[in-house]
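The values are calculated or read from the model by the stated rules, or taken from the named source; none is laboratory data. Everything quoted here is computed from the prediction, not taken from an experiment. Glycine gets a Cβ as well: all are built from the backbone with ideal geometry, and neighbour counts include every protein chain shown. Heads up: the accessible areas ignore ligands, DNA and RNA and are worked out on the full protein's heavy atoms, side chains in. Shrake-Rupley method; radii C 1.70, N 1.55, O 1.52, S 1.80 Å.
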Amino acid sequence: MAGLKQQVNQAGHTVTPPLWLLAELTYKCPLQCPYCSNPVEIAAHKNELSTDDWIRVMREARKMGSAQIGFSGGEPLIRQDLEELIAEARQLGFYSNLITSGVGMDEARIKAFKKAGLDHIQISFQASNEELNNFLGGTKTFEHKLEMARLVKKYEYPMVLNIVIHRQNIDQMTDILDMVVSLDADYVELASTQYYGWSLHNIDQLLPTRDQLERAEKIAHEYQDRYKDKMKIIYVVPDYFEGRPKKCMNGWGNIFLTIAPDGVALPCHSARQLPGMDLPSVNDFSIEQIWNGSNDFNKFRGMDWMKEPCRSCDEKEVDLGGCRCQAYMMTGDATNTDPICTKSSEHQALLDDVARIETNALNHVEEKPLIFRNMKNSKKHLDSLTKSE
């Protein structure tokens, strides 16, 4: 990328700095969303980095050239040192972003964030009405979220809202967009569920039908045109309905660096699930050692790792073979072509599975109930893995 400092590491890859640092401060969360992207094995990850450890991580990443930091989770508001971490990020020169459900926030804390130098607050909603929002989150939060969104605007933060879209709420698209208009949002992310973590376990209940997608996309485009001078509305359909894969995370180990609550460094937030990975920890290595020298961060950099049909594809530089985690989840091999791609030998199997889910949805066949994201269900999952072994 032009203007960025580049270097060739020992593995022979041209490496640019990790521009975007995602600090997953904790996996603890008061909500139980069944589409959460946190690993289903959250019950196995109890340790969290200390305040001093996070400050060291931020300093090392900033020294390398990181420019933006996202404080995420779980729910980052659970961390009582959040204001201290925000203040350190400001002092280091980061543009800082708080990614939150709003639960655990009040006006006093928003004032404290402002004083500490926070640049940006993104609040998530589960739906546009109280009943469905509270059902999906597993707790009564809708009115509180509305209040927090208004306070964010009051304290002159950019009004950034995130609503994860799936079969349970996609038919509310008009109501959702009317809600964000009423809140005077500046930026709205209609984040179609991508199927990792908890959402993969609930895909039979969450994947929309094609008709639902077409209606929702039409409505989203209408609002994009109507409010193009007032707010930016982003809506991307789920990968499962595409014929071309996305350039996942803008390339493996290229721009994005995620640090999990226990200090494990990840090229993407779902990389824990890939077999054969010995993911490095900031408890053992510096950010520079991890980013430049880790075998795992170099594993899918560039294109030398590619097999056919990716290796000879004339679009490989555009999509870099798609998502490695998705390839593993659907084919059992992370080096395979992402099955989203029509050139993948597994693409038809994907289409067949989508058709099965859609048929069941249209016929109101519920093969299993929603599995909500909580420690109890995570422990059940871990127990099932132990028994299967």
Using θ = phi - 60° and the Karplus relation 6.51 cos²θ - 1.76 cosθ + 1.60, list the HN-Hα couplings for region 35-43 in order, rounded to whole Hz, with x at every Gly or Pro.
-> 10, 4, 7, 4, x, 5, 8, 4, 5
Keeping the other protein chains in place, figure out the carbon and sulfur percent of the accessible area of region 290-389, with a 1.4 Å probe.
-> 50
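If a/c stays under 1.5 just call it rounded; otherwise compare a/b with b/c (prolate if a/b is bigger, oblate if not). Do that for region 181-308, with a ≥ b ≥ c from the square roots of the Cα gyration tensor eigenvalues. If you can, show how the numbers build up before the last one.
Working: a/c = 2.27, a/b = 1.83, b/c = 1.24.
Prolate.
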Inter-label distance, nm, simple model (7 Å from Cα along the C-beta direction), residue 232/residue 315 | 2.5
Points 7 angstrom from Cα along the Cβ direction at residue 67 and residue 376: gap in nanometres?
-> 4.6
Farthest positive-ward along the chain dipole, Cα basis, beta-carbon charges - from 117, 245, 306 = 117
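Let's test the formula: R0 of 35 Å, r as the Cβ-Cβ distance of residue 225 and residue 106. What FRET efficiency results, to the nearest 0.05?
The value I calculate is 0.45.
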Region 163-213, convex hull of Cα, quarter of hull surface, nm² -> 3.8
Expected unfolding gain across residue 304-residue 342 under the 0.36 nm per residue rule, minus the alpha-carbon gap, is 11.5 nm
Largest fluctuation, 299, 218, 247 only, Gaussian network model of the chain with Cα springs under 10 angstrom, belongs to 218
What whole number of Å gives the distance from the Cα centroid of region 98-169 to the Cα centroid of region 285-334?
-> 35
Write down, largest first, the equivalent ellipsoid semi-axes of region 62-114 in whole Å, where each equals the square root of 5 times an eigenvalue of the alpha-carbon gyration tensor.
-> 21, 12, 9
Write down the accessible area per residue of the chain in Å², having rolled a 1.4 Å probe over the full set of protein chains.
-> 45
Taking a ≥ b ≥ c as the square roots of the Cα gyration tensor eigenvalues, with a/c under 1.5 meaning rounded and otherwise prolate when a/b beats b/c or oblate if not, region 90-135 comes out prolate
Just from its helices, what would the mean residue ellipticity at 222 nm be for the chain, if runs of 4 or more DSSP H residues each count -39500 (n - 2.57) and the sum is divided by every residue, rounded to the nearest 500 deg cm²/dmol?
-> -10500 deg cm²/dmol
Compute the relative contact order of the chain as a whole-number percentage, counting only Cα pairs closer than 8 Å that sit 6 or more residues apart in sequence.
-> 20
Among 127, 44, 23, the residue with the largest mean-square fluctuation in a Gaussian network model of the chain built from Cα contacts under 10 Å is 44
Heavy atoms of residue 171: accessible area, 1.4 Å probe, square angstrom to 10 = 110
Yeah, region 276-389 with a ≥ b ≥ c from its alpha-carbon gyration tensor (a/c under 1.5 is rounded, else prolate when a/b outruns b/c, oblate otherwise) is oblate
For residue 244, list long-range residues whose amide hydrogen, built 1.01 Å from N in the peptide plane, is under 5 Å from its own amide hydrogen.
-> none
Which one, (1) 49; (2) 29; (3) 35, gives percent of Cα pairs over 34 Å apart as derived from the coordinates shown?
-> (2)
How many nm separate the modelled label positions at residue 288 and residue 81, each set 7 Å beyond the Cα in the direction of the Cβ?
-> 2.3
On the protein heavy atoms, probe 1.4 angstrom, tell me the percent of accessible surface of region 49-155 carried by carbon and sulfur.
-> 49
How big is the charge dipole of the chain about its Cα centre, in debye rounded to the nearest 20, if each Lys and Arg gets +1 on its Cβ and each Asp and Glu gets -1 on its Cβ?
-> 660
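How much of the pair distance distribution for region 78-158 lies past 15 Å, counting alpha-carbon pairs only, in percent? All intermediate terms of the calculation are to be shown ahead of the outcome.
Numbers: 1821 of 3240 pairs.
The proportion of pairs with Cα distances above 15 Å equals 56 percent.
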If you count the DSSP beta bridges with both ends in the chain, what percent of them are antiparallel, to the nearest 5?
-> 15
Length-normalised contact order of region 310-378, Cα under 8 Å, at least 6 apart, in percent, tallies to 16
Which pairs break 20 Å Cα to Cα here: 28/379; 115/154; 114/153; 28/232; 145/218?
-> 28/232; 145/218
Sequence order, region 228-238: Karplus ³J(HN,Hα) from phi using 6.51 cos²θ - 1.76 cosθ + 1.60, θ = phi - 60°, Hz rounded, Gly and Pro as x, gives 4, 8, 10, 8, 9, 10, 10, 9, 10, 6, x
